[in-house]
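> Mind looking over this structure? Questions follow.
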Amino acid sequence: MDLILKQSNTLFPVFIKLEKLRLLIVGGGFIGLEKLQAVVNNSPATAITLVGISISDDIKALASNYTNITLLEKAYHISDLDNKDLVIAAVNDIELATIIAADTKQKGLLINAADKPDLCDFYLGSIVKKGNLKIAISTNGKSPTIAKRVKELMNDVLPEQIDELLDNMQKYRDQLKGDFENKVNTLNEVTKTLVAKQQDLKEDKPEQKKWQEIVKWCLLAFVVMIIGHALFTYLPYGTIATGLKSLPQYIDINSFLLMMLAGFIAQMTDGSLGMGYGTISTTFLLAIGVNPAIVSSRVHSARVFSSGVSGYSHHRFGNINKKLFQALVIPGVVGAIVGATLAVYAKEYSTYVRIPLSFYTIYLGYYIIRKAFSKHITQDKVKGAGWLASAGGFLDAFAGGGWGALVTSTLISKRKSTRYVIGSVCLAEFFVVFASATTFFILLKHIPIFDVLGLIVGGVIAAPIAARLVGKIPVKKVLIGVGLLVILTSTNTLVNSIIKLMHSH
């Protein structure tokens, strides 16, 4: 029994009415700010005294919004513990943290020492908050990073309607008649459907493998189609041996290496921020003198490979929101097929579509950056994801780009979990690009595979690296990066479209 206790988490979870207690935070730097934000986000009326030799401007700005926060810009002294109930030592100095811990023991108080589990009487876990529902996550002090990842997962899994459900359950409970046991039994029956998700979770593993298999087989089919096309284009039947020897003449090594670098940079940006591949690769191709009329077909051909590896990697690293992906993929594919078809027969009208889209996405870029600096980041409900995906798929194929700029930026402007938005959009992007590239191949009877081989290789190398980075980049930095990229690429698209429109008249 003792062995079992030593190996398990023996912490006893409690929820404290902190607003009835007096809290001391020691530390005026980043750690102090983090702890102060955690307290005011959950118990904003708590009487807080924060002591620090130097208190940051961010802490002062936050404290200015609360009359119950007292700041003392001075060195810590044991007298600061007088008339306090709880203490948080938010300092990097291990000697100072040890002194504070010893003083709290002398005063009979409880302490949390940031990043120093041995000095702690209690831990501050990662908190999931959905209205009145609050879940605290503990790893027994072993890995706060894991706790944060679990928090992200719970935030994504729990529906926004959970708070409305709690309100309805309270009203229902107040109307129940009978003794305590009867009420418990009745409520248990009513809430059984909430745990039905457990069966879904058990079935997710084979479904995850199913989607990975679909990506692999689609990618393989496209490769076989391209190889067959290349063999009969560059290697006429009956002269295969001679043709193999002549293959190097189709590949310029310097151009290949430059394209590989461009493909790497483009996919790193697209895989980690959910957009940018088309703009970066198109800009590069135009810069080296590729005819603008054939740039789009080359970019779409290369994207099939890089987006396939990217989508597979995001799925493997757990960056996918299944419901969001399912809402995007079919409408996106339909939009891509329609857009690719019209691109072949009505390409001259694509400029008229790019201009209003650019104004919309420039505004989204501004909105996302503003959200990055907001004190309280909220999750809005995503409505009409299917229509959004249809428009994104259509514009991406018809106008030569727009899936990431439109779909990713719109969803990120609505949702807090950038990781799952980017991962889901990247996985859906593979099927969208696959559909448009296949449509182009059927209608044009040509895929310029050797012209973009460098882009393909660079993108395939970058895809798994970018997918791994998504779960590690701080949300604020991702939002700023996405916002800036959206504004820059949209402005570039707008200017080029206006110039093209003026020249056409």
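> Using only the alpha carbon atoms of segment 9-124, find the Kirkwood hydrodynamic radius as the inverse mean reciprocal pair distance, in angstroms to one decimal.
Numbers: mean 1/r = 0.0707 Å⁻¹.
Taking every pair of different Cα atoms in segment 9-124, averaging 1/r and inverting gives 14.1 Å.
> Using DSSP to define loop residues, name the chymotrypsin sites (Phe, Trp or Tyr not before Pro) in segment 1-72 whose beta-carbon has at most 13 other beta-carbon atoms within 10 Å.
On the way: sites: F15, F30, Y66; in loops: F15, Y66.
Of the chymotrypsin sites (Phe, Trp or Tyr not before Pro), the ones in loops of segment 1-72 whose Cβ has at most 13 other Cβ atoms within 10 Å are F15.
> Tally Lys and Arg at +1 and Asp and Glu at -1 over the other residues with C-beta under 13 Å from the C-beta of A462: what net charge comes out? Could the numbers behind the result be given before it?
Numbers: positive: R303, R468; negative: D270.
Surrounding charge for A462 is +1.
> Pull out the extension gain between K477 and Q326, defined as 0.36 nm times the separation in residues minus the alpha carbon to alpha carbon distance; nm, one decimal. List each step's numbers first, then the result.
Values: separation 151, 0.36 × 151 = 54.36 nm, distance 2.73 nm.
Taking K477 through Q326 to full extension adds about 51.6 nm, to one decimal.
> Could you pull out the pairs from K84/K151; K129/K322; K151/K477; K105/K148 whose alpha carbons sit more than 24 Å apart here? Could you put the intermediate results ahead of the total?
On the way: K84/K151 30 Å; K129/K322 22 Å; K151/K477 19 Å; K105/K148 30 Å.
With Cα atoms farther than 24 Å apart: K84/K151; K105/K148.
Quick note: the coordinates plus some simple rules give every number you see, no bench work behind them. As the structure is a prediction and not an experimental result, all values here were calculated from the model. Here the Cβ is made from the backbone with ideal geometry for all residues, glycine too, and neighbour counts use every protein chain on show.
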